[in-house]
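Chemist: Take a look at this one; I'll ask things after.
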Amino acid sequence: MRAPAWAGLVAACALAAACRPAGPAPGPVRTRMPSAEPLVRVGVAVNKAEVVVGADGSYIVRVAGAETGIAAAPGERWTFTADKAGRLVGRGGRGRSVGPTTAVVSVVPRGEGAVVIGQRRYRGTALVRAVGPGRVTAVNVLELEAYLLGVVPEEIGIRPEAEIEAVKAQAVAARTYAIGNLGNREALGFDFYATVADQVYSGLEHEAPVVARAVRETRGEIVTYEGVPILAYYHSTCGGRTAAIEEVWPHAPLPYLRSVSDAIPGTDRYYCESSNRFRWTETWTGSELAAILRRTLVEHAGVPAGRVGRILGLALTGRTPSGRAAGLRVETDAGTYVVRGDSIRWILRPQAGRLLNSTFIELDVAADGGEVQGASVGGGGWGHGVGMCQTGALGRARAGQSYREILAAYYPDTRIERIY
């Protein structure tokens, strides 16, 4: 999941793959919920020069509107491109082809075979469409519960049976996100990206028995507040306390996304302390910091390229109620810039280029001669800190909490409803 598009705005001027540093963009949330399991459309190869599609077994390639399709053999692959006029062209084995066409082409496996897009196998079917001259997109269409089988292991990892209640919590949160955001990317011809832009989805690649059981035993369940799907934010590690949404992004407060403690009752320990990002440090030399800030201020703060030369000062501007940095002030020879909330992580990056782990930080700056000579950060947690702490959920599951208790802890005042 990613941070909102406005997360990089400037003011005043593993776990598995789930351990990404950001969360989903809050957008319109569905108020009319489906009463039956919906189909979802996942953009798995978006705006590419070409896509290669096939299936495990035999399958049909059909242009939308055509009465019949082309029967393809197991292992046969079709390559789809778009011509200069933005029309789709597909070429398969034995010199067969479809197009040029402005219609969508479907690839439908016969029987139980999986569709193959690129190098990955997926349940359901594939749709291929031209999206401009020389550009095509492939979409995987499948039932929502099958989609979750490929999302949950990417978002919380492949976990042992002892942690299944956390996996169930993740399944419900991921389902809630999907239900709440169906149709939000209609202009692109699909519902979700298969990346951190929405929820990471890998098709059949990492499906696992514990995940399948967690999805099956929570079928149709979502988290609601006053009858509406919540904004189901989640992150890797809160560092001891989650953040309220308004601390992190310019969003109105929400009763169910307020700051909650991750402390284990009666102890000085935390449910998420098993994370390797529970506590961490980052350091920069003066030259490293200057190079990073010159780039990130341009990319994420709208500062004109080449404007910043020297870094004269660096300081936090205050603390949020959960203890996170409220803002970061960067004094340069070209002016002073202040970034707020989660935007700090996009500006003050480690050398590797990834985002800063969190804003739950202390900053120590070394300056000499009116210029910053280096800096270090001691921090806690991984991610934006809003909503469910995934490592905390795992700790709570190991402590005997049910998925309902886990979800209630991180999304207070909510209900779990089965909608189909």
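The values are calculated or read from the model by the stated rules, or taken from the named source; none is laboratory data. Remember, predicted model here, so these are calculated numbers, not experimental data. Don't worry about glycine lacking a Cβ; one is built from the backbone with ideal geometry, like all the others, and counts go over all protein chains shown. These area figures cover heavy atoms from the full protein model, side chains too; ligands, DNA and RNA do not enter into them. Shrake-Rupley method; radii C 1.70, N 1.55, O 1.52, S 1.80 Å.
Chemist: Hey, what number do you get for the chain at 222 nm if only DSSP H runs of n ≥ 4 count, each worth -39500 (n - 2.57), divided across all residues, to the nearest 500?
Modeler: So the helix-based figure for the chain works out to -6000 deg cm²/dmol.
Chemist: Quick check: pseudo-label points 7 Å beyond the Cα along Cα→Cβ at ALA162 and ARG219, how many nm apart are they?
Modeler: Taking the simple label geometry, ALA162 and ARG219 are separated by 3.0 nm.
Chemist: Continuing with the same structure: Determine, for each peptide in 235-245, 39-49, the mean count of other beta carbons within 10 angstrom over its residues, then list the peptides with the highest first.
Modeler: 235-245, 39-49
Chemist: Moving on. To the nearest 0.05, what FRET efficiency results for ARG77 and ASN184 with a Förster distance of 30 Å applied to their C-beta separation?
Modeler: 0.40
Chemist: Follow-up. In vacuum, with every alpha carbon of the range 119-271 counted as one equal point scatterer, what does the Debye formula give for log10 I(q)/I(0) at q = 0.08, 0.12, 0.13, 0.16 Å⁻¹? Two decimals, please.
Modeler: Calculated log10 I(q)/I(0) at the listed q: -0.28, -0.61, -0.70, -1.01.
Chemist: How much of the pair distance distribution for the range 123-172 lies past 12 Å, counting alpha-carbon pairs only, in percent?
Modeler: More than 12 Å apart: 69 percent of the Cα pairs in the range 123-172.
Chemist: Under 20 Å from the 7 Å Cα→Cβ point of ARG319, by amide nitrogen: which residues of the range 238-262?
Modeler: 238-249, 258-262
Chemist: Quick one: which residues, 5 or more positions from GLU207 or on another chain, have an amide H under 5 Å from its amide H? H modelled 1.01 Å from N in the peptide plane, none for Pro or chain starts.
Modeler: none
Chemist: How high is the FRET efficiency between ARG354 and TYR420 when r is their beta carbon distance and R₀ equals 45 Å, given to the nearest 0.05?
Modeler: Computed FRET efficiency for ARG354 and TYR420: 0.70.
Chemist: Let me ask you something else. Under 5 Å between amide H atoms, partner at least 5 residues away or on a different chain: which partners does LEU312 have, H built in plane at 1.01 Å?
Modeler: Close amide H contacts, sequence-distant or interchain: GLU331, THR332, ASP333, VAL372.
Chemist: Here's something else I'd like to know. Can you list the HN-Hα couplings for the range 93-99, worked out from phi with the Karplus curve (6.51, -1.76, 1.60; θ = phi - 60°), rounded to whole Hz and with x for Gly and Pro?
Modeler: Per residue, the Karplus-derived 3J(HN,Hα) values read x, 6, x, 7, 7, 10, x Hz.
Chemist: How big is the gap, in Å, between the Cα center of the range 109-134 and the Cα center of the range 281-306?
Modeler: 41
Chemist: Collect residues whose amide H, placed 1.01 Å from N in the peptide plane, falls under 5 Å from the amide H of GLY327; neighbours closer than 5 in sequence don't count.
Modeler: Answer set, sorted by chain and number: THR317, GLY318, GLY341.
Chemist: How far is it, in nm, from the label point at ALA36 to the one at GLU112 when both lie 7 Å from their Cα along the line to the Cβ?
Modeler: 2.4
Chemist: Going highest first, how would you order 192-203, 208-219 by mean Cβ packing within 10 Å? It would help to have the intermediate numbers written out before the result.
Modeler: Working: 192-203: 22.6, 208-219: 17.9.
With the highest mean Cβ count within 10 Å placed first, the list reads 192-203, 208-219.
Chemist: Ordered by residue, what ³J(HN,Hα) values in Hz, to whole numbers, does the range 409-420 give under the Karplus form 6.51 cos²θ - 1.76 cosθ + 1.60, where θ = phi - 60° and Gly and Pro are x?
Modeler: Per-residue couplings from phi come out as 5, 8, 10, x, 6, 9, 10, 9, 10, 9, 9, 7 Hz.
Chemist: Could I ask something else about it? Could you check how much of the accessible area of the range 215-265 is carbon and sulfur, as a whole percent, using a 1.4 Å probe?
Modeler: 56
Chemist: Then there's this: Would you compute, for the Cα atoms of the chain, the largest minus smallest coordinate along each principal axis and list the three values in descending order, in whole Å?
Modeler: Here the Cα extents, ordered largest to smallest, are 74, 54, 34 Å.
Chemist: Using a 1.4 Å probe, what is the accessible area per residue for the chain, in Å²?
Modeler: The answer is 40 Å² per residue.
Chemist: Something else now. Suppose the chain between SER376 and ALA252 were pulled fully straight at 0.36 nm per residue; how much longer would it get relative to their current alpha carbon spacing?
Modeler: The SER376-ALA252 span can extend by a further 41.4 nm.
Chemist: Once you have the Cα-Cα distance between ILE60 and THR283, take 0.36 nm times their residue separation minus that, and quote the gain in nm to one decimal.
Modeler: Values: separation 223, 0.36 × 223 = 80.28 nm, distance 5.58 nm.
So the extension gain works out to 74.7 nm.
Chemist: Applying the Karplus parametrisation 6.51 cos²θ - 1.76 cosθ + 1.60 with θ = phi - 60° to the phi angles of the range 40-46, what ³J(HN,Hα) value in whole Hz is obtained for each residue in order, glycine and proline being reported as x?
Modeler: Values, residue by residue: 10, 10, 10, x, 9, 9, 10 Hz.
Chemist: If you take every DSSP beta bridge whose two residues both sit in the chain, what share of them, in percent to the nearest 5, is antiparallel?
Modeler: If I count the DSSP bridges inside the chain, around 95 percent turn out antiparallel.
Chemist: What's the ranking of 74-80, 119-125 by average number of surrounding C-beta atoms within 10 Å, highest first?
Modeler: 119-125, 74-80
Chemist: Could you please report the charge total around ARG398, scoring K, R as +1 and D, E as -1 over all other residues with beta-carbon less than 11 angstrom from its beta-carbon?
Modeler: Local net charge: 0.
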